[in-house]
Amino acid sequence: MTQNMNFFQPKILSALKKYNSKQFVNDLIAGIIVAIIALPLSIALAIASGVEPEMGLYTAIVAGFVIALLGGSRVNISGPTAAFAVIVAGIVAENGVDGLAIATVLAGIILILMGILHLGNLIKYIPNTITTGFTSGIAVTIAIGQLKDFLQLTYPAGTHNVETMDKAVNVAKNISGTSFLSVLIGVVGLAILIFWPKISKKIPGSLIAVIVGVLVVKLSGMAVNTIGDLYPNITNTPPMFKLPDFTLDKVIGLIPSAFTIAILAAIESLLSCVVSDEMINDKHNSNTELIAQGTGNICSALFGGIPATGAIARTAANVKNGGRSPIAGIIHAVVLFLILILFMPYAKWIPMPIIAAILFMVAYNMSEWRHFVKICKTAPIDDIIVLVLTFALTVIFDLVVAIAVGMILYIFFLCIRKLKLKLKKQ
């Protein structure tokens, strides 16, 4: 029986065996700091995903708690991530929030099955050129998607603004309506995000940018759009259970989206686990992590959230601030819950160009442009073709097309290499 259950071994069980008050204090401090980092990010990523701001916090609270409790890593922090923003926005635009919930539940089931079937180790066989290509592509799509709010542009009624290329064209067509004040606030936010880490690494620059942006706009009365202008119904209501309207047609229609969410969640979470393993000299259980990610995504969807996965930046912050057990991840979720209840109505004051600036920095940090350039300079031509094509297809079309074509092309080139090697030996 033990042998059959070795695919599900939550790290919290082993972490608590030698747990003490000193470690709890470290986990408490790390959990609070990570929650402060996650607060503006969760709101910004929800907005980038085309859903209500509080849904980002619901995700960080519910999925963050469940995945920390059941996960296969001691320190992995989960919640909404930039990688999902474009996918989620597309699903919401076509199928509404209810359709997103169904797709996320289905993705959760797929992730659980992947863990039970011991597929956790297969993720490492996805080529680096493909992961770098679509990650860089997602970064570009996020940046393009934020130009409208950064510049405070207004589009004519009926303008189609869902696909990345449509967004780029719309910005070009309407750029004459740019608000100088909005750009000014956005630039101030970017400057804080860039230079604040040189002053303090404990307090996140995104929080300082939000506070400064709110104060400047509120005190000066600048005509700059805020979250409240675009999302007037923002609420501090806690996550509530709601079963989406499952129908056979909806489920079948959303299966491709569910697979996209599941694959991306698996890749992101396990990459985060690998990075954190190196930081704390530990070894995660990949199949347990997949089951936890699946369960967390199902719970997130049923309590008003969006897809979640391991967040590398928040996980690294957790480790750097002393987090060494899943208790830190649980504390991060609890702190976010308290912030939601007590302070969420004040999120209406946050200027939209500050949100855009935060997402510009997220896009820059996830772009891996240095690694992208290095591959282009040093890798064989077929690897470069796979990289660039995956990147371009992610921006022009979507992640599903990019990964599918990228994998087919990679396998084709791999077969050609092996054939050439075989012919040489003959």
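The values are calculated or read from the model by the stated rules, or taken from the named source; none is laboratory data. For clarity, every value in this text was computed on a predicted model and none was experimentally measured. Here the Cβ is made from the backbone with ideal geometry for all residues, glycine too, and neighbour counts use every protein chain on show. Keep in mind that these areas ignore ligands, DNA and RNA; they rest on the heavy atoms of the full protein, side chains included. Shrake-Rupley method; radii C 1.70, N 1.55, O 1.52, S 1.80 Å.
Every condition in (1) at pLDDT below 95; (2) in a helix (DSSP H, G or I); (3) not polar (S, T, N, Q) holds for Ala258 except the one numbered (1). Hey, could you check the range 296-329 for residues that are hydroxyl-bearing (Ser, Thr, Tyr) and part of a helix (DSSP H, G or I) and say which is nearest to the chain's Cα centre (by Cα)? So the residue we want is Thr315. The C-beta contact set for the range 249-264 (first residue without any contact (Cβ under 8 Å) to a residue 40 or more places away in the chain and of a type in the set (Lys, Arg), second residue open to solvent by less than 20 Å² (accessible area, probe 1.4 Å) and part of a helix (DSSP H, G or I), distance under 6 angstrom, 6+ apart or interchain) is empty.
Residues in the range 53-79 that are more than 13 Å from the chain's Cα centre (by Cα) and small (Gly, Ala, Ser): Ala68, Gly71, Gly72, Ser73. Of all residues in the range 126-148, those that are over 19 Å from Val401 (Cα atoms) and either touching a Lys or Arg at 6+ places or on another chain (Cβ under 8 Å) or surrounded by fewer than 23 Cβ atoms within 10 Å (Cβ to Cβ) (or both) total 5. The residues listed here are Ala139, Ala209; of these, the one that is in contact (Cβ under 8 Å) with a residue 60 or more places away in the chain and in contact with a Ser or Thr (Cβ under 6 Å, 6 or more places away or on another chain) is Ala139.
Among the conditions (1) open to solvent by less than 20 Å² (accessible area, probe 1.4 Å); (2) at pLDDT 95 or above, the only one that Cys299 does not satisfy is (1). Within the range 393-426, the residues that satisfy the criterion of being farther than 28 Å from Ala262 by Cα and either assigned to a helix (DSSP H, G or I) or in contact with a strand residue (DSSP E or B) (Cβ under 7 Å, 6 or more places away or on another chain) (or both) are Ile416, Arg417, Lys418, Leu419, Lys420, Leu421, Lys422, Leu423, Lys424, Lys425.
Within the range 45-53, does at least one residue satisfy the condition of being assigned to a helix (DSSP H, G or I) and farther than 25 Å from Leu111 by Cα? Looking for residues that are assigned to a helix (DSSP H, G or I) and farther than 25 Å from Leu111 by Cα, one finds at least one in the range 45-53, hence yes. Got at least one residue in the range 54-64 being surrounded by fewer than 24 Cβ atoms within 10 Å (Cβ to Cβ) and touching a helix residue (DSSP H, G or I) at 6+ places or on another chain (Cβ under 8 Å)? No. Within the range 164-184, restricting attention to residues that are under 25 Å from the mean Cα position of the chain (by Cα) and touching a residue at least 40 places away in the same chain (Cβ under 8 Å), which residue is surrounded by the most Cβ atoms within 10 Å (Cβ to Cβ)? Going through the qualifying residues, I end up with Thr164. Residues in the range 75-125 that are touching a strand residue (DSSP E or B) at 6+ places or on another chain (Cβ under 8 Å) and in a helix (DSSP H, G or I) were compared, and the one that is surrounded by the fewest Cβ atoms within 10 Å (Cβ to Cβ) is Ala83. Would you point out the residue of the range 15-53, among those that are of a type in the set (S, T, N, Q) and either surrounded by fewer than 15 Cβ atoms within 10 Å (Cβ to Cβ) or in contact with a strand residue (DSSP E or B) (Cβ under 7 Å, 6 or more places away or on another chain) (or both), that is nearest to Thr295 (Cα to Cα)? Top of the filtered list is Ser42. Within the range 394-414, the residues that satisfy the criterion of being closer than 30 Å to Leu193 by Cα and open to solvent by less than 60 Å² (accessible area, probe 1.4 Å) are Thr394, Val395, Leu399.
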